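Everything on this sheet refers to the single structure shown next.
The values are calculated or read from the model by the stated rules, or taken from the named source; none is laboratory data. Since we're looking at a predicted model, the values are computed, not measured. Backbone-built Cβ (ideal geometry, glycine too); neighbour counts: all protein chains shown. Quick note on the areas: whole protein, heavy atoms, side chains included, nothing else; ligands and nucleic acids left out. Shrake-Rupley method; radii C 1.70, N 1.55, O 1.52, S 1.80 Å.
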Amino acid sequence: MIVLLAGIIVLHLAVLVLFLISTVVNSWWYFSDSNSLDIWQNCTWLEFWNCESYTTNEWLQAVQAMMILSIILSFLSLILFFCQLFTLQKGGRFYLTGIFQLLAGICVMSGAAIYTVQYPHIHGERYSGSYGFAYILAWIAFPLALCSGIIYVILRKRE
Ligand SMILES: *[C@@H]1O[C@H](CO)[C@@H](O)[C@H](O)[C@H]1NC(C)=O
């Protein structure tokens, strides 16, 4: 049981770290080694990184909201897990924890999906550049969050 719990917590922390990295790292869209965009800023290398917010496009705001929401939900889910670990009856299931983690996964998926569909409207570049690794991390975080949410739903509390 201890090994299982440790594994579950490590998976949850990994998901949370992926959410955080993809939210703050400056690489949602990559133009060149000296210019990339994240969901907050346009950064250009001019002897040092020069960053400025580039748009208040509502699609971008939706992506920002989804990413922030996924971090909050996943964090709440982790707290709920520890609460339920001590309060659940033997044989009880971690439904609440699982539901929060699944919702976090759905949020990150929505954020990344909105970005995929709307990036030409967000930064007006149809053909130049490519998706950056923060965007890819968001897509990797999505199935991991779903897995960990499903594990919580299936998991039964043992002594
Ligand atoms: C980002 O900033 C650079 C340098 O100021 C500019 O050339 C580029 O058009 C900007 N990109 C976007 C998407 O605003």
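What accessible area per residue, rounded to a whole number of Å², is obtained for the stretch 2-154 using a probe radius of 1.4 Å?
Accessible area per residue: 52 Å².
Using a 7 Å offset from the Cα along the Cα-to-Cβ direction at both residue 31 and residue 118, what is the distance between the two label points in nm, to one decimal?
Going from the residue 31 label point to the residue 118 one covers 2.1 nm.
Could you state the angle between the C-alpha long axis of helix 95-123 and the longest principal axis of the C-alpha atoms of the chain, as a value from 0 to 90 degrees rounded to the nearest 10?
10 degrees
Given the options 154, 29, 132, identify the residue whose Cα lies farthest towards the positive end of the charge dipole of the chain (+1 on Cβ of Lys, Arg; -1 on Cβ of Asp, Glu).
Checking the options against the dipole of the chain, the answer is 154.
So what's the angle, to the nearest 10 degrees on a 0 to 90 scale, between helix 58-87 and the longest Cα principal axis of the chain?
20 degrees
As a check on your grasp of the helix formula, calculate [θ] at 222 nm for the chain: sum -39500 (n - 2.57) over DSSP H runs of n ≥ 4, divide by the residue count, round to the nearest 500.
-23500 deg cm²/dmol
Taking the highest mean first, how do the peptides 118-125, 129-136, 52-59 order by number of other beta carbon atoms within 10 angstrom per residue?
Sorting 118-125, 129-136, 52-59 by mean packing, highest first, produces 129-136, 118-125, 52-59.
Counting Lys and Arg as +1 and Asp and Glu as -1, each charge on the Cβ, what is the dipole of the stretch 25-159 about the Cα centre in debye, to the nearest 20?
1000 debye
List the residues, sorted by chain then number, that are 5 or more residues from residue 35 or on another chain and whose placed amide H is less than 5 Å from its amide H.
45
Order the peptides 81-90, 32-41, 13-22 from the highest to the lowest mean number of other Cβ atoms within 10 Å of their residues.
13-22, 32-41, 81-90
Once both axes come from the Cα atoms, what is the angle between helix 133-154 and the longest principal axis of the chain, in degrees from 0 to 90, rounded to 10?
Computed tilt is about 10 degrees.
What Cys residues in the chain are without a partner cysteine, judged by a Cβ distance under 4.7 Å?
83, 107, 147
To the nearest 0.05, how large is the calculated FRET efficiency for residue 126 and residue 51 if R₀ is 25 Å and r is the Cβ-Cβ distance?
0.60
Can you give me the Rg/Rh ratio for the stretch 10-159, using Cα atoms for both radii and the Kirkwood formula for Rh?
1.09
Can you send over the carbon and sulfur percentage of the accessible area for the chain, probe radius 1.4 Å, protein chains only?
Heavy-atom surface of the chain belonging to carbon and sulfur, 1.4 Å probe: 70 percent.
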